1. May I ask you to list the residues in the stretch 20-39 that are touching a helix residue (DSSP H, G or I) at 6+ places or on another chain (Cβ under 7 Å) and within 20 Å of GLY68 (Cβ to Cβ)?
2. Please determine, by comparing only the residues of the stretch 28-54 that are more than 20 Å from PHE93 (Cα to Cα) and aliphatic (A, V, I, L, M), which one is surrounded by the fewest Cβ atoms within 10 Å (Cβ to Cβ).
3. Where in the stretch 36-129 are there helices (runs of 4 or more DSSP H), lying wholly inside it, with at least 2 residues that are aliphatic (A, V, I, L, M) and touching a Ser or Thr at 6+ places or on another chain (Cβ under 7 Å)?
4. What number of residues within the stretch 1-27 are assigned to a loop (DSSP other than H, G, I, E, B), of a type in the set (Val, Ile, Thr) and either in contact (Cβ under 8 Å) with a residue 60 or more places away in the chain or surrounded by 18 or more Cβ atoms within 10 Å (Cβ to Cβ) (or both)?
Amino acid sequence: MAESYYGTGKRKTAIARTWLRPGTGTITINRRLIDDYFGRETAKMIVEQPLVLTDTYGSFDVNVNVSGGGMSGQAAAIRHGITKALLQVKPEFRLVLKKAGFVTRDPRIKERKKYGQKGARAHFQYSKR
């Protein structure tokens, strides 16, 4: 069996488990091709960014299991997972990927709702009388 590289990517509540294997460049997400999984071109572009940036597009088969979050969050999580897997393939990619901002995990998540309030920051309407 060919050598495979693994990376876990996260964004908001989306978690992507990503495997890279030397191959023809097929990207499979939850056992479906990327074109079937993502309807939007921007999501496909986000997923392919690390591969295009490191000139490895078409040389690896990407297999992803992703869960949680929405389409945009999942796309960013997959990008993060592919980036981490590429760092295992060749650590020299780190400089290029870091400069593009793909190595750092985006820490922004939804803020929790507070008690005595309508939401995280929104309050119930104040009435003097």
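Taken together, the values in this text are just the output of simple stated rules run on the coordinates, not laboratory data. In this text the structure is predicted, and so the values were computed from the model without any measurement. Heads up, the Cβs are rebuilt from the backbone with ideal geometry, glycines too, and the neighbour counts pull from every protein chain shown.
1. ILE27, ILE29, ASN30, ILE34, PHE38
2. The selected residue is LEU33.
3. 71-89, 94-100
4. Number satisfying all stated conditions: 1.
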